[in-house]
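**Q** This is the structure I want to talk about, given as structure tokens.
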Amino acid sequence: MRVTCRPNDGQKPGTSGLRKKTKVFISEGYLETFIQSIFDATGGAEGKTYVVGGDGRYFNDRAAQVILKMAAANGAKRVIVGQNALLSTPAASHLIRLNGADGGIILSASHNPGGLEADFGVKFNTANGGPAPEAVTEAIHARTMAIEEFFIADEADVNLSRIGEQEVGGMEVSVIDPVADYAALMAGLFDFASIRAMFARGFRMRFDAMCAVTGPYAREILENRLGAAPGTVVNAEPLPDFGGMHPDPNPTWAHDLVERMSGPQAPDLGAASDGDGDRHMILGRGIYVAPSDGFAVLAANAHLAPGYRNGLKGVARSMPTSTAVDRVAAALGIGCHETPTGWKFFGNLLDSGRATLCGEESFGAGSDHVREKDGLWAVLLWLNILAERNESVAEILNKHWRRYGRNYYSRHDYEALPSEAAEAVIATLRARLAELPGQEVAGLTVAAADDFTYADPVDGSVSRGQGLRVVFNDGSRVVLRLSGTGTEGATIRLYLERYVAGPDGLGQDVQIALAPVIEAAEELAEIRSRTGRAGPDVIT
Ligand code: VG1
Ligand code: CO
């Protein structure tokens, strides 16, 4: 069936897919025009195979039905869809690669809250399993501005609760167990026997799935296959509104877990993941692992897991992520790449064998096993390392700092600001960058300042305007950028970093250790005075 339509304003994918208020997404034709634009901008769907699934948030099930019928009407050959339309983002990435699919459509606004009053999102991944690169998202956006018609099969809904082969409008639909292939992939990368033995010795863990998609994956892998005690995985049922939780695994939104990890009776390991299962937070008993530190620890110890026994080809981190991993890469004698924020920039590095591990400060780490960050993978790698080293999380982290020094690091988010005010903060600082080197700011001397530009070493594409960075003589950094995943106003992210070589000064409070850099950032960007905010909304 052909339906005439009009373009919708603002269908421009951000850092990771198109995210809007759910009410916008469910408005007439909104999802349809975006999906048709994906097909149109990527050479049509004729004869192609796609993977479809989402994180279970409100509208996930309806949207999946629409996409199936649209794929059929556009001539697709086959769609592989998770049972009940569920798939975590890393599992979807794996399925695209495993089945040699042409792409995947993931229904998720990731760490944004879900429900009729919250957010919905659509991500498009290409045949390598990774988020569409900028050239593709730009083509999709261009198409959304010109679209006049979409195609949808006039058919009854597919029964997505039944695993097996079905058909809609002449197209094959394979409803699969969302967990099985992913669990098998993990079993091949990690020493399940050794982790199992650790649990059998009494190792205790709490995994908070935050009522989002990782629950079924974590239950199957941690409890059923690795023998963690029943009840290890909490909030394990994916709910349309995530049970009212904000499925963003950080100390603010997963504060319940943080509280439970303090005190002598706390479990040995605490972990949480986000809406679509690509982020993770790690806590030891009485200790929080900052994501940039966690990534450096994973890079330094990955060889302890069977999947990485032969070492790493290289690592990559997003520019705002702390430089802790750079020190590990230098010690290992491997390359360390610096990319803009967003997993799509890691794709070429992973595909070309330049990087084995990638990480972002925003609770994201992953490897070349898929082309997305992967929350449960990171948790399993920690478990494998803990099992091999037979030390606590705190011991591992403290030893890491003693060896490499400590990159004190924090991100301050100023959320839902009026867009003009946020843009003015960025524009004002950007205009001053050239004159900053040599100047003294709050007692620190500026060594370099720029607006980050990334030239992809594989395809030569250039991405400008990826974040303002000011580096001081002692290596401390201030980075400033606007979020590309929000759905309300603008969010300024301020990233702060200061290196302490040790052995003294490795155990300071993070915000106190960063105080001089925080002061310099305010003097440089005047975020608080220009926005009238007393302080950040979220500190991670
Ligand atoms: C944020 C993070 C970024 C991450 C992106 C998608 O983007 O900073 O590191 O890749 O979210 O993560 P932004 O533009 O808001 O800073 V997910 O788990 O929400 O897909
Ligand atoms: Co996510």
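**Q** Here are the criteria: (1) outside any strand (DSSP E or B); (2) over 25 Å from the mean Cα position of the chain (by Cα); (3) closer than 25 Å to Arg97 by Cβ. Tell me which single one Gln166 does not satisfy.
**A** Condition (1) is where Gln166 drops out.
**Q** Across the range 334-392, what is the total count of residues that are touching a residue at least 60 places away in the same chain (Cβ under 8 Å), within 16 Å of ligand 2 (Cβ to nearest atom) and not in a helix (DSSP H, G or I)?
**A** 15
**Q** Could you please find all residues in the range 202-247 being open to solvent by 10 Å² or more (accessible area, probe 1.4 Å), in contact (Cβ under 8 Å) with a residue 40 or more places away in the chain, out of contact with any Phe, Trp or Tyr (no Cβ under 8 Å at 6 or more places or on another chain) and in a loop (DSSP other than H, G, I, E, B)?
**A** Once the filter is applied, which keeps residues that are open to solvent by 10 Å² or more (accessible area, probe 1.4 Å), in contact (Cβ under 8 Å) with a residue 40 or more places away in the chain, out of contact with any Phe, Trp or Tyr (no Cβ under 8 Å at 6 or more places or on another chain) and in a loop (DSSP other than H, G, I, E, B), the range 202-247 yields Phe203, Arg204, Pro238, Leu239.
**Q** Give the number of residues within the range 310-328 that are touching a residue at least 60 places away in the same chain (Cβ under 8 Å) and open to solvent by 10 Å² or more (accessible area, probe 1.4 Å).
**A** The number of residues fulfilling the criteria is 2.
**Q** State all residues of the range 347-394 that are within 16 Å of ligand 1 (Cβ to nearest atom), farther than 24 Å from Asp55 by Cα and crowded, with 24+ Cβ neighbours inside 10 Å; if no residue qualifies, say none.
**A** Within the range 347-394, Leu350, Ala355, Leu357 meet the criteria.
**Q** Mind counting the residues in the range 395-413 that are under 12 Å from Gly294 (Cα atoms) and open to solvent by less than 20 Å² (accessible area, probe 1.4 Å)?
**A** Number satisfying all stated conditions: 5.
**Q** What are the pairs, 6+ residues apart or on separate chains, where a residue within the range 457-481 that is under 16 Å from His337 (Cβ atoms) has its Cβ under 9 Å from a residue that is surrounded by fewer than 13 Cβ atoms within 10 Å (Cβ to Cβ) and of a type outside the set (Ser, Thr, Tyr)?
**A** That search, which allows pairs on different chains as well, returns Asp459/Ala135; Ser461/Ala135; Ser461/Ala455; Val462/Ala455; Ser463/Ala455.
**Q** Something else now. So Gly307 clears everything in (1) open to solvent by 30 Å² or more (accessible area, probe 1.4 Å); (2) assigned to a loop (DSSP other than H, G, I, E, B) except one condition, right? Which one?
**A** Gly307 satisfies every listed condition except (2).
**Q** Taking the range 115-153 as the region of interest, how many residues are more than 15 Å from Val52 (Cα to Cα) and within 12 Å of ligand 1 (Cβ to nearest atom)?
**A** Here the count works out to 1.
**Q** For the range 100-114, give me the residue count where each residue is more than 13 Å from ligand 1 (Cβ to nearest atom) and open to solvent by less than 40 Å² (accessible area, probe 1.4 Å).
**A** 4
**Q** Also: Which of the residues that make up the range 8-36 are surrounded by 14 or more Cβ atoms within 10 Å (Cβ to Cβ), assigned to a loop (DSSP other than H, G, I, E, B) and more than 16 Å from ligand 1 (Cβ to nearest atom)?
**A** Matches in the range 8-36: Asn8, Gln11, Ile26, Gly29.
**Q** Working only within the range 172-194, note down all residues that are among the aliphatic types (A, V, I, L, M) and touching a residue at least 40 places away in the same chain (Cβ under 8 Å).
**A** Within the range 172-194, Val173, Val175, Ile176, Val179, Ala183, Leu185, Met186, Leu189 qualify.
**Q** So, one more: For the range 99-120, enumerate the residues that are assigned to a loop (DSSP other than H, G, I, E, B), within 15 Å of ligand 2 (Cβ to nearest atom) and either farther than 18 Å from Gly375 by Cα or in contact with a Leu (Cβ under 8 Å, 6 or more places away or on another chain) (or both).
**A** Gly114, Ala118 - these are the residues of the range 99-120 that are assigned to a loop (DSSP other than H, G, I, E, B), within 15 Å of ligand 2 (Cβ to nearest atom) and either farther than 18 Å from Gly375 by Cα or in contact with a Leu (Cβ under 8 Å, 6 or more places away or on another chain) (or both).
**Q** Okay, moving on. Within the range 417-464, which residues are part of a strand (DSSP E or B) and surrounded by 15 or more Cβ atoms within 10 Å (Cβ to Cβ)?
**A** Leu417, Val441, Leu444, Val446, Ala447, Ala449, Asp450, Asp451, Tyr454, Ser463
The values are calculated or read from the model by the stated rules, or taken from the named source; none is laboratory data. Just so it is clear, the structure is predicted and the values come from calculations on it, not from any experiment. Heads up, the Cβs are rebuilt from the backbone with ideal geometry, glycines too, and the neighbour counts pull from every protein chain shown. For accessibility, only protein heavy atoms count, side chains too; no ligands or nucleic acids. Shrake-Rupley method; radii C 1.70, N 1.55, O 1.52, S 1.80 Å.
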